[in-house]
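J.: A single structure is presented below for examination.
The values are calculated or read from the model by the stated rules, or taken from the named source; none is laboratory data. Everything numeric here is computed off the predicted structure, so don't read it as measured data. Don't worry about glycine lacking a Cβ; one is built from the backbone with ideal geometry, like all the others, and counts go over all protein chains shown.
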Amino acid sequence: MKVGLLLCDDVNPALQVAHKNYPDMFLALLRKQEPELEMVTYRVLDGEIPDTTDECDGWIISGSRYSAYDTFSWIPLLEAFVRKLYEDRCMLAGICFGHQIMATSLGGKVELSEKGWGVGISYNRITQQGSWMQPAVQDFKLLVSHRDQVTRLPDSAEVLAGSDFCPNYMLQYGVHFLSIQGHPEFSKSYSKDLMNSRRDSIPHDRVTQGIDSLTEDPDSDLMAQWIMQFFKQKP
């Protein structure tokens with residue numbers, strides 16, 4: 001399988017020595033499920049948009065420090081490509097910022113949440129079970145780092161999982177679009193280092209709670225398994 005990573009940010013250079021960059025994280029995560037997986041990275045944050053939607057078997061939009069409502073020139077280019085992927089019924093998974101940009105591309109709304117930062121482990125309840133969500137569970141945990149949330153759903157979106165903190169945590173659009181607020185590609189050590197690097201913008205008590213939550217293990221491999229099973233469906 002060939003997956004196109006639509007890259008919307010880079011790991012802080014100070015953290016890359018220990019944790020590498022986001023393409024490395026995604027490749028390591030997905031190759032646990034698909035050892036022969038090929039990944040092609042498109043630096044959409046630099047304006048690099050794929051020429052066609054059929055260059056890859058599936059697509060992933062990465063997270064980002066930026067917001068879906070920012071005014072950078074590459075964001076509307078990405079939104080236009082997302083709409084083209086939707087029209088062409090291509091398989092797409094969005095992660096954090098990717099989750100949010102899919103919503104804005106298709107008529108939803110993303111805003112700075114009054115609930116503040118979500119960091120560390122998030123706890124989420126399954127509200128609707130997709131056939132590809134095997135093994136089936138009632139809830140799952142993922143690492144998060146966000147303060148924006150999807151606050152209005154596009155008409156085509158269905159909520160698969162959520163929490164009191166983030167009700168629209170995991171969405172599905174038709175049979176070919178999937179988006180998740182959490183970060184299955186993050187390791188706990190990267191999550192901790194990222195929180196520590198953002199102490200000037202994240203409240204102290206929220207960082208403390210986030211780091212304390214890392215005694216739990218996220219269901220990252222389960223989510224990776226679900227994403228690959230989702231991609232292998234026939235739209």
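J.: Report whether or not GLY58 is touching a residue at least 60 places away in the same chain (Cβ under 8 Å), over 13 Å from the mean Cα position of the chain (by Cα) and over 24 Å from LYS188 (Cβ atoms). I'd like the intermediate steps shown before the answer.
T.: Numbers: touching a residue at least 60 places away in the same chain (Cβ under 8 Å): yes; over 13 Å from the mean Cα position of the chain (by Cα): yes; over 24 Å from LYS188 (Cβ atoms): yes.
Spelling it out, GLY58 is indeed touching a residue at least 60 places away in the same chain (Cβ under 8 Å), over 13 Å from the mean Cα position of the chain (by Cα) and over 24 Å from LYS188 (Cβ atoms).
J.: Looking only at the range 30-40, how many residues end up being without any contact (Cβ under 8 Å) to a residue 12 or more places away in the chain and out of contact with any Leu (no Cβ under 8 Å at 6 or more places or on another chain)?
T.: Filtering the range 30-40 for residues without any contact (Cβ under 8 Å) to a residue 12 or more places away in the chain gives 31, 35.
Right, trim to out of contact with any Leu (no Cβ under 8 Å at 6 or more places or on another chain) and you get 35.
Residues flagged as without any contact (Cβ under 8 Å) to a residue 12 or more places away in the chain and out of contact with any Leu (no Cβ under 8 Å at 6 or more places or on another chain) within the range 30-40 amount to 1.
J.: Can you spot a residue in the range 158-180 that is assigned to a helix (DSSP H, G or I), buried (at least 16 other Cβ atoms within 10 Å of the Cβ) and not hydroxyl-bearing (Ser, Thr, Tyr)?
T.: Taking the range 158-180 and keeping what is assigned to a helix (DSSP H, G or I), we get none.
The answer is no; no qualifying residue exists.
J.: If you don't mind, another one. If the requirement is being farther than 22 Å from SER191 by Cα, at pLDDT 95 or above and touching a helix residue (DSSP H, G or I) at 6+ places or on another chain (Cβ under 7 Å), which of these qualifies: VAL159, VAL82? Before the answer, list the steps.
T.: Values: VAL159 fails: touching a helix residue (DSSP H, G or I) at 6+ places or on another chain (Cβ under 7 Å).
Selected residue: VAL82, the only one of VAL159, VAL82 that is farther than 22 Å from SER191 by Cα, at pLDDT 95 or above and touching a helix residue (DSSP H, G or I) at 6+ places or on another chain (Cβ under 7 Å).
J.: State all residues of the range 132-156 that are assigned to a loop (DSSP other than H, G, I, E, B) and either without any contact (Cβ under 8 Å) to a residue 12 or more places away in the chain or under 14 Å from the mean Cα position of the chain (by Cα) (or both); if no residue qualifies, say none.
T.: Restricting attention to the range 132-156, the residues satisfying the condition of being assigned to a loop (DSSP other than H, G, I, E, B) are 132-138, 147, 153-156.
Within the range 132-156, ALA136, ARG147 meet the criteria.
J.: Also, I was wondering about something else. Any idea how many residues of the range 85-122 are of a type in the set (Ser, Thr, Tyr) and under 13 Å from PRO167 (Cβ atoms)? Steps first, please.
T.: To start, the set of residues in the range 85-122 that are of a type in the set (Ser, Thr, Tyr) comprises 86, 104-105, 113, 122.
From what's left, under 13 Å from PRO167 (Cβ atoms): 113, 122.
Number of matching residues: 2.
J.: Only one of (1) surrounded by fewer than 16 Cβ atoms within 10 Å (Cβ to Cβ); (2) free of Cβ contacts under 8 Å to residues at least 24 places away in the same chain; (3) within 21 Å of HIS183 (Cα to Cα); (4) of a type outside the set (Ser, Thr, Tyr) is not met by LEU27, so which one is it?
T.: (1)
J.: Which one of GLY63, GLY4 is in contact with a Cys (Cβ under 9 Å, 6 or more places away or on another chain), assigned to a strand (DSSP E or B) and among the small types (Gly, Ala, Ser)? Explain how you work it out, then say what you get.
T.: Numbers: GLY63 fails: assigned to a strand (DSSP E or B).
The conditions single out GLY4.
J.: Follow-up question, since we're still on this one. I'd like to check something: does the range 190-202 contain any residue that is crowded, with 23+ Cβ neighbours inside 10 Å, in a helix (DSSP H, G or I), of a type outside the set (Asp, Glu) and on the phi < 0 side of the Ramachandran plot? Show your work before the answer.
T.: Taking the range 190-202 and keeping what is crowded, with 23+ Cβ neighbours inside 10 Å, we get 191.
With in a helix (DSSP H, G or I) added as a condition, the list becomes 191.
Within this subset, residues satisfying the condition of being of a type outside the set (Asp, Glu) are 191.
After this cut, where a residue has to be on the phi < 0 side of the Ramachandran plot as well, the list is 191.
Within the range 190-202, one or more residues are crowded, with 23+ Cβ neighbours inside 10 Å, in a helix (DSSP H, G or I), of a type outside the set (Asp, Glu) and on the phi < 0 side of the Ramachandran plot.
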